[in-house]
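See structure below.
The values are calculated or read from the model by the stated rules, or taken from the named source; none is laboratory data. Since this is a predicted model, take the numbers as computed values, not measurements. We place every Cβ from the backbone using ideal geometry, glycine too, and count neighbours over all the protein chains shown. In case anyone asks, the SASA skips ligands and DNA or RNA and just uses the protein heavy atoms, side chains included. Shrake-Rupley method; radii C 1.70, N 1.55, O 1.52, S 1.80 Å.
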Amino acid sequence: MVEETDSTNAALARIARGEDTARGEDTARGEDTARGRGRVLVAERQTTGRGRLDRSWESRPGAGLTVSLLLQPRLPMSLFGWLPMVVGTSLLATLREVAAVPAVLKWPNDVLVDDAKLAGILVEVVQVPLSSPSVIIGFGLNVMAERDELPERSTSLLLSGALPAALDRTELLGVVLADLVGAITGWEADPQAARAEYLRVCATIGRRVRVELPDGSAVLGTATDVDPDGRLVVNGRPYSAADIVHLR
């Protein structure tokens with residue numbers, strides 16, 4: 001664990017590309033675990049943390065978990081598009097079991113409780129010369145944050161009435177990482193199973209939604225499916241890069 005970094009995803013990307021070897025060996029010492037699958041970096045504070053669509057992610061030291069995992073999936077790169085959903089499904093299952101919160105997923109992988117964001121996930125591919133592509137899985141989970149510390153429409157485990165044991169960040173991190181590595185291993189063994197598992201917990205399916213597109217336009221409709229490529233289907237059309245707003 002480090003006290004501060006610019007971004008855990010960015011720091012691991014530099015390590016993967018060999019740009020920050022000395023720092024990486026120092027900050028990630030003892031964290032090359034994850035059951036032998038990759039390197040983990042945990043930070044108490046990020047100065048330029050990012051989420052999906054380049055949104056910032058910030059929290060006070062001690063209020064949450066800010067974590068990134070670097071690994072090389074044992075699957076063709078053409079299947080990497082499903083990894084964000086695999087990660088979201090795993091994190092959701094862990095929080096339901098360990099914290100007993102009624103969490104659901106908003107496409108593609110925002111973890112919500114009562115339509116408020118509890119956790120966000122960012123998966124990025126890192127191209128390394130003369131090596132197989134690596135991926136960095138980053139997630140931010142609000143654990144002890146109070147209401148006045150959070151953005152609008154956000155929540156924390158504390159505010160969601162989580163079981164007290166789930167508020168121990170060290171113990172929680174160990175369970176989250178163990179479950180995540182297990183989920184990724186299962187996905188590698190049977191990539192086709194990920195879609196069915198995801199559809200069971202994605203609260204976006206069947207909802208009226210607003211699809212906010214990168215060009216500033218928006219589409220209203222009903223989300224009916226997530227196709228085999230991981231795209232959300234709204235009004236019969238698939239979307240891969242969009243912000244989704246659940247409508248009441």
Checklist entry - Is one or more of the residues making up segment 14-27 over 30 Å from Leu150 (Cβ atoms) and at pLDDT 85 or above? => result yes
Item to check | Unique match (being open to solvent by less than 30 Å² (accessible area, probe 1.4 Å) and either under 16 Å from Lys106 (Cα atoms) or part of a loop (DSSP other than H, G, I, E, B) (or both)) among Gly221, Gly216, Gly206 | outcome: Gly221
Next on the checklist: So, in segment 176-213, exactly how many residues are touching a residue at least 60 places away in the same chain (Cβ under 8 Å) and not hydrophobic (A, V, I, L, M, F, W, C)?
Outcome noted: 9
Checklist entry - Being open to solvent by 10 Å² or more (accessible area, probe 1.4 Å), touching a Leu at 6+ places or on another chain (Cβ under 7 Å) and either assigned to a loop (DSSP other than H, G, I, E, B) or more than 23 Å from Gly38 (Cα to Cα) (or both), is that true of even one residue in segment 186-193? => result yes
Item to check | Residue count, segment 107-151 (criterion: more than 27 Å from Val233 (Cα to Cα) and either open to solvent by 20 Å² or more (accessible area, probe 1.4 Å) or assigned to a loop (DSSP other than H, G, I, E, B) (or both)) | outcome: 16
Checklist outcome for this item: Restricting attention to segment 1-21, the residues that are among the aliphatic types (A, V, I, L, M), under 19 Å from Arg169 (Cβ atoms) and in a helix (DSSP H, G or I) number exactly 0
